[in-house]
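The structure appears below as C-alpha cells.
Each reported figure results from applying straightforward, stated rules to the coordinates on display, with no laboratory input. Every value quoted in this text rests on a predicted model; they were computed, and no experiment measured them. Glycine gets a Cβ as well: all are built from the backbone with ideal geometry, and neighbour counts include every protein chain shown.
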Amino acid sequence: MSSARDESEIEASSAPLIEHLIELRSRLMWSIGGFFVAFLVCFFFAKQLFNILVQPFKWAVHWAGLAQDKVELIYTAPQEFFFTQIKLAMFGGLVIAFPLIAAQIYKFVAPGLYKNERNAFLPFLIASPILFIMGGALVYFFFTPMVMWFFLSMQQVGPGNEVQISLLPKVSEYLSLIMTLIFSFGLVFQLPVVTTLMARVGLLTSQGLREKRKWAIVLAFVVAAVLTPPDPMSQIGLAVPTIILYEVSIWAARMVEKKRDEEKLAAEKDEDGSTPSAAT
C-alpha cells in the first residue's frame, strides 16, 4: 500500500517536472537565440565597434602630446584580426543580449516566489546592469586612457642617438585588455547588490562587514592583482573603487537592517493592537 502511494506521488509530480523542463528549454532557446542575433549584428559592425573601443587609446595619445596623425595598431598573424572580431562580436552580443537573458531567468524563477519576494528581487535585477554599465563607463572614459597614457609615457621616441622604442599595440592584446578591464570593473560594481541580497537573507550584517574591513582591503588588492594586467596603476585603479563599493555595501546592509527592524516593530504593534479586539 505504501509503495502504491509512493508511485502515485511520483506520477503526480512528474507532470510539473516535465512542464518545468519544457519551460526551461523555452527560456534557454530565447536566450541563445537573442545572443546569436546580437552576435551576428555585432560581427557585421565589428570594425566600427573596435574603432569605438580604440577611442580611449586615442585620448591617451592626445594626452601624451605625441605628434601622430593616426593611431596605429597592428596584427602579426593573418587570422588574428578575424578572430579578434569574433571575440568582439561575442563580447558585444553578450552585453546586448543580457537584458533578454536576465528577463528569461527572472520569468523562470518568478513563479516560484511569493509576491513580496518578487517585489524585493526586482530592484536588484534592475540595479545589476546599471552598476555594470557604471563600471564599464569608468573603464572606458577614465581608467583605460589613464593606463594607456602611462604606457605611452615609457616610449623612447625623442631625437638623438637613442634607440627608438615605440608602442604599437596588437589588436588582439588591446581588445583582451579592455574586455578584461570592463568585465573586472563590471563584476566588482556588483558588490553592493551581492552584499545587500546576502544581508536580506541574514547571511551578512553591517556590523560584520565593518569588523572585516581590514581583510576586505587586503582582499581588494589581491583580486585586483588577479583580474587586471600586472602593472601598479591597473591594480590600484581597481582596488580603490572596490574599497569604496565595500563602504557602500556596509551602508546598504545597514539600510536593509533598519527597514527590517521597522517592519518587525510595525508587525509587533499590529499584533498588540489586535489582541484586545480578539479577546472581546
Checked against a 27 Å limit on the C-alpha separation, the offending pairs among K107/K258; K58/K87; K47/K70; K70/K170; K47/K107 are K107/K258; K47/K107
Largest fluctuation, G33, G202, G136 only, Gaussian network model of the chain with Cα springs under 10 angstrom, belongs to G202
Rounded to the nearest 10 degrees, the helix 115-138 long axis (Cα) sits at an angle to the longest Cα principal axis of the chain of 10
Over the chain, the quotient of the Cα radius of gyration and 2.2 N^0.38 Å is 1.40
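Treating only the Cβ of Lys, Arg, Asp and Glu as charged (+1, +1, -1, -1), what charge dipole size does the chain show about its Cα centre? Round to the nearest 20 debye. List each step's numbers first, then the result.
Details: 22 positive and 23 negative charges, 115 e Å.
With Lys and Arg at +1 and Asp and Glu at -1, about 560 debye.
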Dividing the helical contributions, -39500 (n - 2.57) per DSSP H run of n ≥ 4, by the residues of the chain yields a 222 nm value, nearest 500 deg cm²/dmol, of -27500 deg cm²/dmol
Between the residues A199, L168, T76, the Cα farthest towards the positive end of the dipole of the range 42-201, that dipole coming from +1 and -1 charges on the beta-carbon of Lys, Arg, Asp and Glu, is from A199
Of F57, F150, F35, the most mobile residue in a GNM of the chain (C-alpha springs, cutoff 10 Å) is F150
Expected unfolding gain across K87-F45 under the 0.36 nm per residue rule, minus the alpha-carbon gap, is 13.9 nm
Dipole check, the chain, charges on Cβ (K,R +1; D,E -1), about Cα centroid: among L152, F121, L238 the Cα furthest to the positive pole belongs to L152
Excluding residues fewer than 8 positions from K259 in its own chain, the lysines with Cα under 20 Å of it are K115, K269
Listed residues K70, K87, K58; largest mean-square fluctuation, Gaussian network over the chain with Cα springs below 10 Å, found at K70
